[in-house]
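J.: Got a structure here, written out as structure tokens. Questions coming.
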Amino acid sequence: MKTSKILIVDDELSVRTSLSEWFLEDGFRVETAESGEDALQKMHGGPYDLILLDIKMPGMDGITLQKRIKEIDSDVVIIIMTAYASVETAVEALKLGAFDYVTKPFDPDDLTRLVRNALKQKDLADENIQLKEKISELSGADEIIGESDGMKRVFELVDTVAETDSTVLIRGESGTGKELVARAIHSRSKRRYFPIVAVNCGAITETLLESELFGHEKGAFTGAQYRRKGKIELANGGTLFLDEVGDITAKMQVDLLRVIENKRFTRVGGNEEIQVDFRLICATNKNLEKLVEEEKFREDLYYRINVFSIFIPPLRERKSDIMPLTNYFVKKYARSMGKPEKKISPTAQEMLLGYSWPGNVRELENAVERAMVVGKKSEITEADLPLHLNGDGHASENLIKLDDLEKEHIKKILEEAGGNVTRAAALLGIDRVTLYNKIKKYGLKR
Amino acid sequence: MAFINAHFPPFWRNLPRDLNHCVNYSFELIDIPMNLNLFYSKERNQYHSTLIMAQLIKHLPADGDKIIGITDADIYIPILTFLFGEAQLGGRVALVSTYRLKNQFYGLPADSNLLYERVLKEILHELGHTMGLIHCSDFECVMNSSTYVENIDLKFSRFCKSCQGILGIECEE
Ligand SMILES: [Zn+2]
Ligand SMILES: [Zn+2]
């Protein structure tokens, strides 16, 4: 890759040194000149890709210098530096072919963008730098572990949709790893050299979410002393991942729909329209169809985001993934804690396999992490697992709820059957003896 | 590592520990009082970063290799409106300001964990410059250039493989 070469022309030493420092850190080759004459001299050592030119200097002024430079090298891109007082001259410079001008002092982001755009004009855009192979380990992303048929299906869908630029909706209970799937799609897509930016829409208020997504201008609300870039803007070129999309308010649904349709938005409190290009991936554990029916979720938005949908089955429906996941987490935490890897005792294994994992993979990961911390032995035993299981392999907490449910249900059926045990048993699909036992267990009246 | 004037939260004393996965310096934490008024610009209501750094390097202990200062003052260099930090490229001194890393500056609720993460990344970034690294185009690498606080949040507090290669180091997981 070719390094771009920049010439900074300014009579002020502090400007020359601080800009040199700035551009050197950005990986440019930098030279400086303290006057117009000096700059013309330096032109022989060119060519330069970009020249930053102070418009007001003693001796040869910026406008004259610009003309002379263009005579020597008509291809060079010139950016004019100006103080507020000399904006009119800067405009004149633009007419004479300068690329753009910046007013001193510069906002670092404006300067970066300006230089990038200027070089893009010269086809020296750093786009191809961004395209250098990114080493996947860096992302530190967890692998998705799964050997079950359910997860194999998920992987197939990920591969299929990754190649397209289609909007994706990922569904599944919380803790099933919806964000990991989103990241997997992104990292296999052509957008992988750009960021994937995740927003959890469920955890914050409408005002904060609005600023989070769209950004805001300085002074948009009390305390906002500087503009803020929203996640949509940050995702430009890459992927925007909206988690808990089923939780957003009616107003946000409208705003979101607009940006999906137009790929344009304005920052809160601003009026500049900003164009963006991103792929959208949404996730939810809500029943969106039901929300649409109840008119809590806009139907048009629903169709916009539900173009291709991937369902991640809950862990309890893919028991064959439990041990591979456990082993993966053991390795992961052993490494990060600097401890040796542990084996899982047979009873602990049984316990893991028997549990219903309402919190899914996340709960399993937490359980393993805890066991790695508290466990004293070289293997993880049932005592290290924070699961309260009984002989049936159900969490006792869940069992209580289930029992309550059963009790309520039987009570209701008995009432419907007018206290007739035979009829109630038939309605419940169990035999009379079992029903009698349950009536006794729950202390129900016939 | 020098805390300038400010009373930062006690847990910030963990900063050296949280840097050592990528930096094998042994850090010495020092508190230094500094009369920042000397570097104050009334016109800009900010403090001149380069001048603070010049003062800072005088505090580098005789057996020290580099010094990085942390201040809560809003810093600038004349040509730019603000800085998150400044470093001597391949040099011995660097400075990080927490002023614009705080959520409150953007009118958002304070978030002490997020602030800590940002400070950590900016320290590692400026240290990277003192070790001769230039900006990296990998947006997840700590050496990616950040002109917006939100860019910082996209980065990891580590060097990417390519920057690790340039430094001849390997960051731990
Ligand atoms: Zn930098
Ligand atoms: Zn890097």
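J.: Quick one: which strands (runs of 3 or more DSSP E) sit completely within the stretch B:1-98 and have at least 2 residues that are within 30 Å of A:ASP110 (Cα to Cα) and touching a strand residue (DSSP E or B) at 6+ places or on another chain (Cβ under 9 Å)?
T.: So the answer is B:46-48, B:67-71, B:85-87, B:93-97.
J.: Go through the residues of the stretch A:27-41 one by one and say whether even a single one is at negative phi, within 16 Å of ligand 1 (Cβ to nearest atom) and at the interface with another protein chain (Cβ under 10 Å from one of its Cβ atoms).
T.: Yes, that holds for at least one residue.
J.: What number of residues in the stretch A:66-99 are of a type in the set (D, E, K, R) and surrounded by 18 or more Cβ atoms within 10 Å (Cβ to Cβ)?
T.: So the answer is 0.
J.: Being within 26 Å of A:SER166 (Cβ to Cβ), within 14 Å of chain B (Cβ to nearest Cβ) and in a helix (DSSP H, G or I), is that true of even one residue in the stretch A:213-224?
T.: yes
J.: Between A:PHE221, A:PHE241, which is of a type in the set (A, V, I, L, M, F, W, C), open to solvent by 50 Å² or more (accessible area, probe 1.4 Å) and in the same structural domain as A:THR164 (by TED's automatic domain parsing)?
T.: Testing whether each residue is of a type in the set (A, V, I, L, M, F, W, C), open to solvent by 50 Å² or more (accessible area, probe 1.4 Å) and in the same structural domain as A:THR164 (by TED's automatic domain parsing) leaves just A:PHE221.
J.: Within the stretch A:118-140, identify whether any single residue is within 30 Å of A:ARG183 (Cα to Cα) and at pLDDT 85 or above, and answer yes or no.
T.: Within the stretch A:118-140 (the criterion being within 30 Å of A:ARG183 (Cα to Cα) and at pLDDT 85 or above), the answer is no, since none of the residues qualifies.
J.: If you check every pair at least six apart or on different chains, which have Cβ atoms under 8 Å apart with a residue in the stretch A:356-385 that is on the phi > 0 side of the Ramachandran plot and in contact (Cβ under 8 Å) with a residue 60 or more places away in the chain first and a residue that is open to solvent by 20 Å² or more (accessible area, probe 1.4 Å) and assigned to a loop (DSSP other than H, G, I, E, B) second?
T.: A:ASN360/A:GLU173; A:ASN360/A:SER174; A:ASN360/A:GLY177
J.: Being more than 12 Å from ligand 1 (Cβ to nearest atom) and either in contact with a strand residue (DSSP E or B) (Cβ under 7 Å, 6 or more places away or on another chain) or of a type in the set (Phe, Trp, Tyr) (or both), is that true of even one residue in the stretch B:107-118?
T.: Yes, that holds for at least one residue.
J.: Considering the stretch A:349-393 alone, what residues qualify as being assigned to a loop (DSSP other than H, G, I, E, B), buried (at least 17 other Cβ atoms within 10 Å of the Cβ) and modelled with pLDDT under 85?
T.: A:GLY375, A:LEU385, A:LEU387
J.: Could you list, in sequence order, all residues of the stretch B:112-145 that are at the interface with chain A (Cβ under 9 Å from one of its Cβ atoms) and either out of contact with any Gly (no Cβ under 7 Å at 6 or more places or on another chain) or over 20 Å from A:ASP110 (Cα atoms) (or both)?
T.: B:HIS129, B:LEU133, B:CYS136, B:SER137, B:ASP138, B:PHE139, B:GLU140, B:CYS141, B:SER145
J.: Also, I was wondering about something else. Hey, does the stretch B:123-132 have a residue that's crowded, with 19+ Cβ neighbours inside 10 Å, hydroxyl-bearing (Ser, Thr, Tyr), away from ligand 2 (no atom under 12 Å from the Cβ) and not in a loop (DSSP other than H, G, I, E, B)?
T.: Yes, some residue in the stretch B:123-132 is crowded, with 19+ Cβ neighbours inside 10 Å, hydroxyl-bearing (Ser, Thr, Tyr), away from ligand 2 (no atom under 12 Å from the Cβ) and not in a loop (DSSP other than H, G, I, E, B).
J.: For the stretch A:319-327, state whether one or more residues are part of a helix (DSSP H, G or I), of a type in the set (Lys, Arg) and over 18 Å from A:ALA182 (Cβ atoms).
T.: Yes, the stretch A:319-327 contains a residue that is part of a helix (DSSP H, G or I), of a type in the set (Lys, Arg) and over 18 Å from A:ALA182 (Cβ atoms).
The values are calculated or read from the model by the stated rules, or taken from the named source; none is laboratory data. What you are looking at is a predicted structure, and each value in this text was computed from that prediction instead of being measured. In this analysis, Cβ positions are derived from the backbone assuming ideal geometry, glycine residues included, and neighbour counts consider all displayed protein chains. Accessible surface is based on the protein model in full, side chains and every heavy atom, while ligands, DNA and RNA are left aside. Shrake-Rupley method; radii C 1.70, N 1.55, O 1.52, S 1.80 Å.
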